[in-house]
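The next block holds one structure in the form of structure tokens; read it before the comments.
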Amino acid sequence: MRIAIAGKGGTGKTTIAGTLARALARQGRHVLAVDADSNPNLSAMLGVSAEDAAPLAALPPDIIVRRTNEAGSVETTFVGDVDQVITDLALDGPDGVRLLIMGKVNHGGKGCMCRAHATVRLLVGELVTQKQNGRDVIVDMEAGLEHLSRATGRHVGLFLATIEPYYRSMETARRVAELANELGVSRVYAVANKIRDDEDREASAQFCAAHGLELLANIPYDDTLIRAERAGRTPIDFAADAPAVRAIGALAEVLVKHG
């Protein structure tokens, strides 16, 4: 599986990505997590300590090249060895999840992250080309929609659009689906998060039904996650039986069935 997780900021995107990666790994699956956010936080949600994450190197720009083809168009091509990149740069995390980071903004005024986004896009594309079906790839995208304009998730198999039960969040998910479809990714599912009651559940379900989004999971609001954050631990390590963690585990099972 190759899954990109996107949505409005604050919807729990990284929490779901990290917990989902761990849940899949606990099923015995080989999981590669890719932090495609220029403010990377996925390592913490996977349970990697700050000390271990500090030396984690970003994907190097020299594994892609820009060439002009015979028609005069510029093409960006992956020229690295994807297995070697993973071997050299991926950090081993809990439950055997491996982690790569796209890169991060270290200084002001240093320009955009366009090439870093292209590197992630082509890396995932290379995984597809080599038909490495034994490896699940979970890509934690930047909040919002800009990554879709850069086609970072073009080669994933599906998008999970995280939503909370209010209009701006759900409208962002609708736009994620629309833009993902334009990239050729037809499988876009909604995951409703921080659901407090039946009214929240109904609001999410009605919006998704009205806009042709399949609602794949409802994850309850769970203050256990707040306590885990205060303790500096991941939800799955802090309380594996917490309602939200169980719901994300159930989502992992659903995704495996969907293939």
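A short reminder: the numbers here are calculations on the coordinates, not readings from a lab. Not measured: the values here are computed from a predicted model. Here Cβ is always computed from backbone atoms with ideal geometry, including for glycine, and neighbour counts include all displayed protein chains.
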### Summary
Relative contact order in percent for region 157-259 (Cα pairs under 8 Å, 6+ apart) equals 23 percent
#### Entry: Long-range HN-HN contacts of residue 33 with modeled amide H, under 5 Å
98, 99, 100, 138
### Message
Quick one: the Cα spread of region 156-197 along its three principal axes, in angstroms, biggest first?
### Response
35, 17, 9
### Query
What are the residues whose amide H is under 5 Å from the amide H of residue 219, where those residues sit 5 or more places off or on another chain and H is modelled from the backbone?
192, 193, 194, 195
### Query
Quick one: which of 203-213, 46-56 comes out on top by average Cβ neighbours within 10 Å, and what's the full order, highest first?
203-213, 46-56
### Message
Above 17 Å lies some portion of the pair distances; for region 159-259, what is it as a whole percent of all C-alpha pairs?
### Response
55 percent
### Task
Per residue of region 241-251, in order, report the coupling 6.51 cos²θ - 1.76 cosθ + 1.60 (Karplus, θ = phi - 60°) as ³J(HN,Hα) in whole Hz, putting x for Gly and Pro.
9, 5, x, 5, 5, 4, 5, 5, x, 5, 4
### Cα-based Kirkwood hydrodynamic radius, region 206-255, one decimal, Å
12.1 Å
